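Structure record follows, encoded as structure tokens.
None of the figures in this text is laboratory data; all of them are computed from the coordinates on show. On a predicted model such as this, the values are computed, not experimentally measured, just so you know. So basically every Cβ, Gly included, is an ideal-geometry build from the backbone, and we count neighbours across all protein chains shown.
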Protein chains: 2
Amino acid sequence: MTPCYHRNRMSVIDFLFGRPLASYEEQSESIDAAKGIPIFGLDALGSAAYGPEAALTLLIPLGLAGVHYIVPISISIIVLLAIVCFSYLQTIPAYPAGGGSYTVASENLGPNLGLLAAAALMIDYVLVVAVGISAGIGALISALPTWEPYTLPLCMGTLLIITVINLRGVSETGAIFLFPTYLFVGSLFGAIAIGLGKTILAGGHPMPVIAPHKLPAVTESAGLWLLLKSFSSGCTAMTGVEAVSNGVQAFREPRAKHAQITLATIIGILIVMLAGIAILCRAYHIGATPPGQSGYQSVLSQLVSAVTGRGWFYYTSIASVLIVLVLQANTAFADFPRVCRAVAQNGYLPRAFANRGRRLVYTHGIYALVILAGAILALFGGVTDRLIPLFAIGAFLAFTLSQAGMVLHWKRVGGRHARHSMFINGAGAIATAATTVVVMVSKFAEGAWVTVLMIPALVALMKNVRGHYDRLLNEISSKDPLPTSGFRAPVVVVPMDNWTLISQKALRFALTLSDEVIGVHVASSEEPSAIKEDWPRLVEQPARAAGLPVPKLEVLQSPYRYVIGPLLEFVLEVERRYQDRTIAVVMPSLVEAHWYHSFLHNQRAELLTALLLFRGGDRIVIVNIPWRSHVDS
Amino acid sequence: MTPCYHRNRMSVIDFLFGRPLASYEEQSESIDAAKGIPIFGLDALGSAAYGPEAALTLLIPLGLAGVHYIVPISISIIVLLAIVCFSYLQTIPAYPAGGGSYTVASENLGPNLGLLAAAALMIDYVLVVAVGISAGIGALISALPTWEPYTLPLCMGTLLIITVINLRGVSETGAIFLFPTYLFVGSLFGAIAIGLGKTILAGGHPMPVIAPHKLPAVTESAGLWLLLKSFSSGCTAMTGVEAVSNGVQAFREPRAKHAQITLATIIGILIVMLAGIAILCRAYHIGATPPGQSGYQSVLSQLVSAVTGRGWFYYTSIASVLIVLVLQANTAFADFPRVCRAVAQNGYLPRAFANRGRRLVYTHGIYALVILAGAILALFGGVTDRLIPLFAIGAFLAFTLSQAGMVLHWKRVGGRHARHSMFINGAGAIATAATTVVVMVSKFAEGAWVTVLMIPALVALMKNVRGHYDRLLNEISSKDPLPTSGFRAPVVVVPMDNWTLISQKALRFALTLSDEVIGVHVASSEEPSAIKEDWPRLVEQPARAAGLPVPKLEVLQSPYRYVIGPLLEFVLEVERRYQDRTIAVVMPSLVEAHWYHSFLHNQRAELLTALLLFRGGDRIVIVNIPWRSHVDS
């Protein structure tokens, strides 16, 4: 008989999160390029909404000159982006089963650098969620300035909604995100096209429909340090680019082909957007406004109003920015649990991260992501600008380790084609390594130190988890057959309160276990215990008459009115007395018909069980004899 | 062997709450009149600080005329107080073991009216704590007006401090409260004496040192309704008078004598204070200021500044008012748990209320009081004036039931002396019954309805608790000896995950219990289970060779990756299959060396145990076989 367990009730949970999916339903969860762009590209594309803004925020002190520097800074970022793109296009066919930075780094650079890549990625994904949501709410506040005081609650509510959506599983979320992504790309392309047209017609100096915020007075002159910091902030526009190579497995066959097309399209769109935004910011003299203050307005909001005014196009665009930024977190919701799962399968994270839940998603990974992202949003008040310095390091460190791993991969593979790929990946590794150092140094004091501390801490934690599992497995593993000698019935201890049907049930079960049964009663000096006097009549005589073993009774005096302490000490004493025996503590317990009735009774059985588990030795086992009360009110 | 359990470690808890006291140490906790006044009189005496103020607050709309009416209103209250005092002086010798309203009412008027008295008293004590603390903080704010925004946090912090003090036990708290009580009485008597002297010297129209708040313009004329409401509010000055008769048992021998002296002294002091405050308010034209608003100043604060100015005497007086009002709650901390205990001993409240804790105080009663008082403080923002309408009803209802009970008591006793006492108690009963009705009607709309609803709700709750205990006792009680027929070994089910030392330990214990052992393994379709193939080699063959019973293995398929559900269903199925057998579920469980390691493992054993307890039938017992891991990091 092999019974098969099926669920047959529809619950509130099913309604919210969808019915549970069986493992064999997994095949249908596959993705083509058109669906892959929103699912894996949201992160990369959404970055366009805060990357340029982050760079411009640092240029505020330069006044008008700042908006001129945005063009060379954006060009550097685009060049870097192109290098990384070519590099990842090499990775995809080499790792068709999913070439995430963790996999590539640990296979080619060893487990330690692999864990470093995993930690960097995890922290990056947490920040993607936090920055995506805070930037989306930033867009909302640009359109509706009176909502500014509710920034943090809005961020938290949004996080909750995304979480519920993602607990439903990948395929449906892909469908949900399709429309807003294309609306975002479409409206931004539209605004850029109109803006460029107007700029050309006006000979480079277009009149804004709605004037952007006045650029502030110059308070600093452009120095290399300031420009480096601005470049580092702008690099946040590149986060999310590795998502495709991570998720090759989710694509429809031929997987590598579909994944490559998806990646190239995403990066192409991103480059157009970054370039367009930079040119229009210079043409329309659009700078950033000080973040986290009232009067804040996002760069994209200023840009679209300058190009088209505040009509339906403006509100459609801002709505699509809001939705895309908020849903950007979705990339992290798809990828963070995947990384956790890969790490957990190698024993470096708790096993629960490797188990899929009812909807084939890795539920524990989602919980961990939500808790961490929620904590970071709360800590930084939901203000994007405060989060930016923590960001990008994780992403660029993972880029670097992944490309460096690919270099060693191609070296091992050998051959002409491999040498060509090795060169491309090597260029990628060097460029991203340099950027990592630049970001780390230029942002260290403003918050990057948090990330720099967290990554090694996370690596240490993961190594500890693995060590624990190894030691435990070493302790409990066995390949031997069942040992068949040394069987002996346990010594049984039965705590007795009063003489009731509950204690009789426990005592009767004890007598089926062993010939050696000890009843134990705690007497307080305040009330004499009737059970001691009645024991011969109630227990000893009938047991003797029936030829059963005769249970003894021990009475413990407790002047301090404690009950649990004396019982615990007594069981430990019995354990010492019977050196080579198992001690079975038979615990009568009352199970009430309703949970609220449990307030009417002490929880001694539960407490004593917990104490025996933690303080007892290896030979103590606990038998719970439940009495199920039918008293209903 | 009767081991005696003694504690021998000094813990943080000991430091905070004092070392535990054994029952035989109780004798030393006895009290004489000098100690009895602060312990049992704080409630009654502290009322002088808010009773007159509550009456004056309602007279605000009358302007200057209001401060004239305070004298006749105070006279009515003092007369009522004298009647009640004589009445309780009769009760004390009649109930030397403690004649609380609950005891007197339930012994003489039956259990239902007894519960009504208990409920009224409990609610009264909760309000004593809430009002005492809020009025004390009100005094503090009068002296330090800038602290007004922190009213509620100050109230809550104070509640916490009192709680810790009270958890240490009665005797020590008596010592702590001695000094501030006498300081309060002394400084108020001083202020009254100086004020009366100045008034007489000035021919009835003294000049205030610091002018009290200007009395507002007249907005209403004096009507009977307004005066009744003012009297009802003023009656809060009488709460706490029953404390002595409640606690006769705590006094030193001869108990009744010490208690009577204490009660008469307390009421005498209270009458002097009420009369003095009323006369001085009229002489100095001191009215109440609107409460819960900035600029609030308590009547006592105005009175002392008017009489003596704001020197050291003022600050000493206000400090003593603050401390006494705050410590007034102490009466309730001594008496609320006593009432709960008496009720719990009759089975009308959970048994835990009848158990004394480590310091011989009734810990659960203290917890209940703190939670209720904290909730009420939070609900009403810590503003005394909002709490006053809820107050007094409970106290007067308990007065009435207690005196009415005494009338029946004397009737039963008979004789000349009894007839005299019956007359006094009857007068008390009529006076307090009339006052109860007046307070209830005049305050109903402003908040008394809350109390009027809560008292019967509490009575219903207590009757339900008793009903539950009765039904449960009926279900489980037994006077018969242990039944000795029908013993049979259980059918044993052992959930097996993998073949480890943990599962071996469980399986070996199962084999000592019974010949019928069923191993059960849940297989997910994703990973094939090795245990099924190896079962003959690992278990069946060695068991057969050793002449042991041979355990079977059942494999459950679970396409939804659930483990607990299938196991639960399987055990319930086994229970159905073996109709007349006990089913023992032997649960291997991992006990980690450190609590935080439990995150690394699933909690399946705990969850399955809980589900089996709640969903299983009467024949399922659970055996917990702990594996204590020694892995330390």
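Summary table below
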read-out: Cα-Cα P(r), segment B:85-209, percent of pairs per 5 Å interval; value: 2, 8, 9, 12, 15, 15, 13, 11, 8, 5, 2, 0
read-out: For segment A:491-628: rounded, prolate or oblate by the Cα gyration tensor [a/c cutoff 1.5]; value: rounded
read-out: Dipole magnitude of segment A:446-542, debye to nearest 20 (Cβ charges: Lys/Arg +1, Asp/Glu -1, about Cα centre); value: 500
read-out: Alpha-carbon gyration tensor eigenvalues x 5, square-rooted, for segment A:206-307, Å; value: 35, 17, 12
read-out: Shielding by partners, peptide B:565-571 (average Cβ within 10 angstrom, other chains); value: 2
read-out: Chain B Cβ-axis minimum, rotational copy A, residue and distance in Å; value: B:623, 2
read-out: Net dipole in debye of chain B [+1 Lys, Arg Cβ; -1 Asp, Glu Cβ; about Cα centre; nearest 20]; value: 1260
read-out: Average Cα contact separation per residue, chain A, under 8 Å, 6 or more apart, as relative contact order %; value: 21
read-out: Rounded to 5, percent antiparallel among DSSP beta bridges of the protein assembly as shown; value: 10
read-out: Folded to 0 to 90 degrees: helix B:312-345 orientation relative to chain B principal axis, Cα; value: 50
read-out: Computed over segment A:186-292: relative contact order in percent, which uses C-alpha pairs under 8 Å that are six or more apart; value: 48
read-out: FRET efficiency for residue A:221 and residue B:178, using Cβ-Cβ distance with R0 set to 56 Å, rounded to 0.05; value: 0.15
read-out: Estimated inter-spin distance, residue A:544 and residue B:202, nm [label 7 Å along Cα→Cβ]; value: 9.3
read-out: Copies compared at residue B:594 - label distances in nm, ascending, label defined 7 Å from Cα in the Cβ direction; value: 4.4
read-out: Within 10 Å of each Cβ in A:474-480, the average number of Cβ atoms from other chains; value: 6
read-out: Calculated FRET efficiency for the pair residue A:107/residue A:146, C-beta based, R₀ 51 Å, to 0.05; value: 0.45
read-out: Sorted by Cβ neighbour density within 10 Å, fewest at the top, the residues A:101, A:30; value: A:30, A:101
read-out: Potential extension, residue A:257-residue A:594 segment - 0.36 nm per residue separation minus Cα distance; value: 115.4 nm
read-out: Förster radius 45 Å - calculated FRET efficiency between residue A:534 and residue B:86, Cβ distance, rounded to 0.05; value: 0.30
read-out: Across the identical copies, how the residue A:76 labels are spaced - nm, sorted shortest first, 7 Å along Cα→Cβ; value: 8.6
read-out: Estimated distance in nm for a label pair at residue B:475 and residue A:618, the labels positioned 7 Å out from Cα along Cα-to-Cβ; value: 4.1
read-out: Percent of Cα pairs exceeding the 35 Å cut-off, where the set is segment B:29-471; value: 24
read-out: Base-10 log of normalised Debye intensity for segment B:178-251 (one unit scatterer per alpha-carbon) at q = 0.12 Å⁻¹; value: -0.70
read-out: Value in Å of the Kirkwood radius, where segment A:225-363 supplies the Cα pairs that are averaged; value: 18.4
read-out: Cβ-based exposure ranking for B:304, A:539, in which fewest neighbours within 10 Å come first; value: A:539, B:304
read-out: For the protein assembly as shown, fraction of C-alpha pairs farther apart than 50 Å, in %; value: 52
read-out: Computed [θ] at 222 nm, helices only, for chain B once each DSSP H run of length n ≥ 4 contributes -39500 (n - 2.57); value: -20500 deg cm²/dmol
read-out: Label 7 Å beyond Cα on the Cβ vector: residue A:253 copy-to-copy distances, nm; value: 9.9
read-out: Average beta carbon contacts from partner chains per residue of B:54-62, 10 Å cutoff; value: 0
read-out: Extension gain from residue B:249 to residue B:156, taking 0.36 nm per residue of separation minus the Cα-Cα distance; value: 30.3 nm
read-out: Compactness of segment A:565-624 - radius of gyration and Dmax, Cα, Å; value: 13.3, 42
read-out: Distance in nm between pseudo-label sites at residue A:264 and residue A:484 (7 Å out along the Cβ direction from Cα); value: 6.8
